[in-house]
Amino acid sequence: MRSRRANIAADARRQGGAPALAAGLGRGELAVVRIAARWGRTAPLRPLALLLNRLGNGWLYVALAAGLLLADPGRFPAVAGAATAAALLAHAVYPWIKRQVQRPRPFEADPALTPLLPTLDAFAFPSGHCMTVVAVLIPLCAAYPGLALPAALLGAAIAWARLVAAHHYPSDLVAGFALGAAVGLPMGMLLA
């Protein structure tokens, strides 16, 4: 018996339009996901991929807020407020985009791929993990420019972990970064 998610993915491919376009892009990107999943699930890297995926589920933002509060309590309300507003704005449009595109996840398109861990929602496009990390980190980097390189590395690490999990195609990650930047940059400019 097919899962509800597999039925949704099959329906999305049959509908044409944005879902069909997303599925078509996925065929060319599936090789990248296969390589990342195979390489990233080796013994030394699998725990790191799991940790990054779980941090991206929300724990990362708790740690960032705690660190900011301890390091700079005077600026905490403004910086945390801008980062939170950016994340909330991104998440206000994110579900609508997911429902419009209805892109199946790579592990649904390729039976040889298995998800590294359960997904948080039904569709791949855009990556909510990449969207949120960029939306939150841009205001932080605007307030503390010295964080730019570690923030970029963290964003890249989260993106890598999402490929290893077989939850996203590379274009899902790029779209997530773009959406996060679209809301994070204006919030960051308020702090500059």
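For the chain, give the percent of accessible area contributed by carbon and sulfur heavy atoms, probe 1.4 Å, rounded to a whole number. Write out the running numbers ahead of the final one.
Values: 6800 of 9430 Å².
Of the solvent-accessible surface of the chain, carbon and sulfur hold 72 percent.
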Under Stokes-Einstein, the chain at 4 °C and 1.567 mPa s, with its Kirkwood radius over C-alpha pairs, diffuses with a coefficient in µm²/s of 76 µm²/s
In whole Å, largest first, the alpha carbons of the range 104-164 cover along the principal axes 44, 17, 14
Stretched fully, the stretch from T114 through H91 gains (0.36 nm per residue minus C-alpha distance, one decimal, in nm) 5.6 nm
For the chain, longest principal axis from Cα atoms; helix 148-164 axis from its Cα atoms; angle between them, nearest 10 degrees, is 20 degrees
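Treating only the Cβ atoms of Lys and Arg (+1) and Asp and Glu (-1) as charged, compute the dipole magnitude of the range 84-191 about its Cα centre; round to the nearest 20 debye. List each step's numbers first, then the result.
On the way: 5 positive and 4 negative charges, 22 e Å.
Magnitude of the dipole: close to 100 debye.
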Site A78, offset 7 angstrom along Cα→Cβ, radius 13 Å on amide nitrogen, limited to the range 157-192, gives 188-192
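Above 17 angstrom, tally the Cα pairs of the range 58-144 and express them as a % of all pairs, no decimals. Walk me through the numbers before you get to the answer.
Working: 2078 of 3741 pairs.
Considering the range 58-144, 56 percent of its Cα-Cα pairs are separated by more than 17 Å.
The values are calculated or read from the model by the stated rules, or taken from the named source; none is laboratory data. Just so it is clear, the model here is predicted, and its values are computed rather than measured. Reconstructed Cβ throughout: ideal geometry from the backbone, glycine too, with neighbour counts over all protein chains shown. Protein only, heavy atoms only, side chains kept; ligands, DNA and RNA dropped before computing areas. Shrake-Rupley method; radii C 1.70, N 1.55, O 1.52, S 1.80 Å.
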